[in-house]
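See structure below.
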Amino acid sequence: VQLLWDQDQLESSINAPGNIYSKELNIVLDKPLEVIISLSEIIGQTEIVQHSLVREINFKSDTLSKWWGKEMIVNASVLLPGRYSESRIGTYPICYYIGGYGGRYTRINNLINDKDFMDWWLSDEAPQIILVFLDGAGPFGDSYQMDSENNGPFGYNLIHELIPYIELKYRGGNSPGTRFTYGCSTGGWVSLALQLLYPDVFNGCFSYSPDPVDFQHLLMTNIYKDKNAFVNEYGYQQPVRRLSNGKPQISMKDWIQFENIISPSNTYVHSGYQFGAYSAIFGPVGKNGLPVPLFDPFTGKIDQEVAESWAKYDLKLYCEKNWEELGPKIQGKIYIWMGDMDSYYLNFATRAFDQFLKSTENPKSDAIVEFSPMDLHCSRFSHRTILEKVEAKLKEEK
């Protein structure tokens, strides 16, 4: 067993700095016993690695601060191109990277500590592109960089406050033609959503293993038609994760029970974890000030009224409703990769999205959607590969 005291008041994650926890302890539950467990460990602050090409951003958002009634700081980190310091003139294309669920801006450390990547980044072969790591931290879990009734105007902050600030400070191109998004999992969904919702702001997205882009396939649940998120129409438990051989590994019921347990309110909507974040982004605000759950946290019964409120974030549905205006604006801007044995069953939603794109007319979509047989979640994601794709696109458009 292990105990954790979530005493941090600034972040939604149970792994936030300042939270205290015990060491793991093995207990045999074969008789009544009293155990004293010491909360002897503390989660420390993760610092950005010091490097001549790395910059840390701690930006006060006026919009979010006004909405929340308190100072709201939005963080990001920047990796400058290898030859950035050689000239003080000229501008650079910028890629905005969004990490997997809860991905913090400190993930830049992973790249700085990756010798193969940095050897390439500092070589003459690497593109001269600025790479920005956005921060996933939000009041109820990952903000997904979206405006929402529960989290507030995170999308507005990104588009109208943070991006202009970064591009002015670090000589970004300040042009949609030189601005791109990419990421995997949560970052795959966000990168695609930003391109679709703000088609005039970005010139391309590279979305890998995106979260459900069609809510008829929220993992294995159709939120508009199914009655229950835990059990399917045949009476079997819905899985939420599988192994590479297809065997279910975790059920939706067990996953939600975990989120219920780590939540201060004992329901997943306040867990700071995946379905807590979904509830805050996609759902309405409840009378208690918390997100209204899509389904009952203990029985799994789906609330159809809440499901309808989620629909405005259903990316496939959004494209269907707005294709006449949206379609021309996203030509040449959509690249999606998905493993057909995705660990979280995300391939089904992406398949449905791909089928819609192939059915479009006026214009006929030129989106590239690639499926790899038997590949798992994010198994082919690569910063270098994507940055090289961006460089190739920029050269084609010159």
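Pairing each residue of region 65-83 that is closer than 16 Å to Leu162 by Cα and in the same structural domain as Ile94 (by TED's automatic domain parsing) with any residue that is of a type in the set (Ser, Thr, Tyr) and in a loop (DSSP other than H, G, I, E, B), provided the two are 6+ apart or on different chains, yields C-beta distances under 8 Å for Met72/Ser61; Ile73/Ser61; Val74/Ser61; Val78/Tyr170. Scanning region 239-263 for residues being part of a loop (DSSP other than H, G, I, E, B) and either in contact with a strand residue (DSSP E or B) (Cβ under 6 Å, 6 or more places away or on another chain) or of a type in the set (A, V, I, L, M, F, W, C) (or both) gives a total of 1. Only residues that are hydroxyl-bearing (Ser, Thr, Tyr), modelled with pLDDT of 95 or more and either over 19 Å from Tyr170 (Cα atoms) or assigned to a loop (DSSP other than H, G, I, E, B) (or both) were counted in region 31-87, giving 4. Annotation: of all residues in region 341-356 being farther than 9 Å from Lys316 by Cβ and touching an Asp or Glu at 6+ places or on another chain (Cβ under 9 Å), the one that is surrounded by the most Cβ atoms within 10 Å (Cβ to Cβ) is Thr350.
Name the single residue, out of those in region 82-110 being of a type in the set (Ser, Thr, Tyr) and under 13 Å from the mean Cα position of the chain (by Cα), that is surrounded by the fewest Cβ atoms within 10 Å (Cβ to Cβ). Result: Tyr101. Looking only at region 118-128, how many residues end up being out of contact with any helix residue (DSSP H, G or I) (no Cβ under 6 Å at 6 or more places or on another chain) and within 16 Å of Thr178 (Cα to Cα)? Residues in region 118-128 being out of contact with any helix residue (DSSP H, G or I) (no Cβ under 6 Å at 6 or more places or on another chain) and within 16 Å of Thr178 (Cα to Cα): 1 in total. For region 283-306, state whether one or more residues are of a type in the set (S, T, N, Q), part of a helix (DSSP H, G or I) and under 16 Å from Pro210 (Cα atoms). Looking through region 283-306, none of the residues is of a type in the set (S, T, N, Q), part of a helix (DSSP H, G or I) and under 16 Å from Pro210 (Cα atoms). Residue count for region 2-30 satisfying the condition of being in a loop (DSSP other than H, G, I, E, B), hydrophobic (A, V, I, L, M, F, W, C) and within 30 Å of the chain's Cα centre (by Cα): 4. Given the structure, is Gln128 of a type in the set (S, T, N, Q), part of a loop (DSSP other than H, G, I, E, B) and in the same structural domain as Thr350 (by TED's automatic domain parsing)? Here the answer is yes, as Gln128 does meet what is asked. Filtering region 272-282 to residues that are part of a helix (DSSP H, G or I) and not hydrophobic (A, V, I, L, M, F, W, C) leaves Gln274, Gly276, Tyr278, Ser279. Assigned to a helix (DSSP H, G or I), of a type in the set (D, E, K, R), out of contact with any Asp or Glu (no Cβ under 6 Å at 6 or more places or on another chain) and touching a residue at least 24 places away in the same chain (Cβ under 8 Å), is that true of Lys321? So Lys321 does not fit the description; no. Screening Ser191 against (1) in contact with a Leu (Cβ under 7 Å, 6 or more places away or on another chain); (2) of a type outside the set (Lys, Arg); (3) crowded, with 24+ Cβ neighbours inside 10 Å; (4) not in a loop (DSSP other than H, G, I, E, B) leaves a single unmet condition, (1).
Residues in region 1-39 that are within 30 Å of Lys70 (Cα to Cα), touching a strand residue (DSSP E or B) at 6+ places or on another chain (Cβ under 8 Å) and surrounded by 14 or more Cβ atoms within 10 Å (Cβ to Cβ): Leu4, Ile14, Gly18, Asn19, Ile20, Tyr21. Scanning region 57-81 for residues that are surrounded by fewer than 16 Cβ atoms within 10 Å (Cβ to Cβ) and touching a Ser or Thr at 6+ places or on another chain (Cβ under 7 Å) turns up just one, Glu71. Cβ separations smaller than 8 Å between residues 6+ apart or across chains give the following pairs from region 144-158 residues that are free of Cβ contacts under 8 Å to residues at least 24 places away in the same chain and at negative phi to residues that are surrounded by fewer than 23 Cβ atoms within 10 Å (Cβ to Cβ) and assigned to a strand (DSSP E or B): Asp147/Pro153.
The values are calculated or read from the model by the stated rules, or taken from the named source; none is laboratory data. All of these numbers come straight from a predicted model, not from anything done at the bench. Glycine also receives a Cβ, built like all others from the backbone with ideal geometry; neighbour counts cover every protein chain displayed.
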